[in-house]
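Read the figures in this text as sums done on the coordinates, not as results from a lab. Since the model is a prediction, treat every value here as computed from it, not as a measurement. Every residue, glycine as well, gets a Cβ built from its backbone with ideal geometry; the counts of neighbours run over all protein chains shown.
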Amino acid sequence: MIPWLDPHIHMISRTTDDYDRMAKCGCAAVSEPAFWAGFDRGTALAFHDYFRQLTDYEPKRAAQFHIKHYCWLCINAKEAENVSLSREVIGMIPEFLSKPNVLGIGEIGLNKNTANEATIFQEHMDLAMKTNELILIHTPHLEDKYKGTRMIVDMLKGDKRIVPGRVCIDHVEEHTVRLALDNGFWCGMTLYPTTKCTPARAVDIIEMVGTDRIMANSAGDWGKSDPLAIPELIQEMKRRGHAESAIKKVVHDNPLAFWRQSNNWQE
């Protein structure tokens, strides 16, 4: 069995049975970006409790199944439209950055490509640079994706403190993957049933750009999604004749190499 990592899954929205099934299928670790809770939270204190859940409770739940749980902290792009709330939340993030399972700042980015979202994205970037954190980036859905990804890359390139190899641009598709890779960033393909990639499309992308600085995730969350999407990708790569070493690179070695740059990383 090829071991795998899910570098983007929202386990607070999944049942404990999902951890059990993932472990039995070879999952060794997950990383959970801070995201939308299914509704807009009204106060910064709600995020404080959420960050406690990500850094304290969820690692213990994962450990019951011998899965390591890591996380990322931010106010997500959907709620970033509320600038005053976002600034309150950003102000409390440093309190949690030394927690042992925190990998960095994320998933920050854009949702509808608005001015407010861009402002809060840049303020998250500034925090990450001041604290030397890795960055995980959310790119918009569907018709907003290319424009949003272009805006994000331009903002990243406009900050000379940014080291591309310490940034992962997530949810890439066929028309955005080269924007990430050609500018030196890592990228993630999301295996999500309706708005992102299928396993077959993800393998098409791998066959188009290769296996360097690219990884795959399920983004399993409250919606219709599959925490076993990565084993589906593994099977599709096997079906097409990819070497086991290439498969393991995409689903295990690449995310691990990216994570190992984190300030808190310990083997």
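Distances between placed amide hydrogens fall under 5 Å for K99 paired with no residue 5 or more residues away or on another chain. The smallest convex shape that holds all Cα atoms of segment 180-267, its convex hull, gives 116 Å³ per residue.
Whole-Hz Karplus values for segment 102-118 come out as 7, 8, x, 9, x, 8, 9, x, 10, 10, 10, 6, 8, 5, 4, 4, 5 Hz, taken residue by residue from phi with 6.51 cos²θ - 1.76 cosθ + 1.60 and θ = phi - 60°; glycine and proline positions read x. Protection proxy ranking for 139-149, 34-44, using the average of other Cβ atoms within 10 Å per residue and placing the highest first: 139-149, 34-44. Ordering D126, D182 from the fewest to the most neighbouring beta carbons within 10 Å gives D182, D126.
Averaged over residues, the count of other Cβ atoms within 10 Å places the peptides 228-240, 185-197 in the sequence 185-197, 228-240, highest first. Proximity of backbone amide H atoms, modeled 1.01 Å from N, is registered between G109 and A77, H138 at under 5 Å, excluding neighbours fewer than 5 places apart on the same chain. Take the Cα pairs of segment 39-162, get the Kirkwood Rh, then feed it into Stokes-Einstein at 4 °C and 1.567 mPa s and tell me D in µm²/s. Estimated via Stokes-Einstein, D reaches 86 µm²/s. Taking the three principal axes of the alpha carbon atoms in the chain, the coordinate ranges are 51, 40, 33 Å, sorted in descending order.
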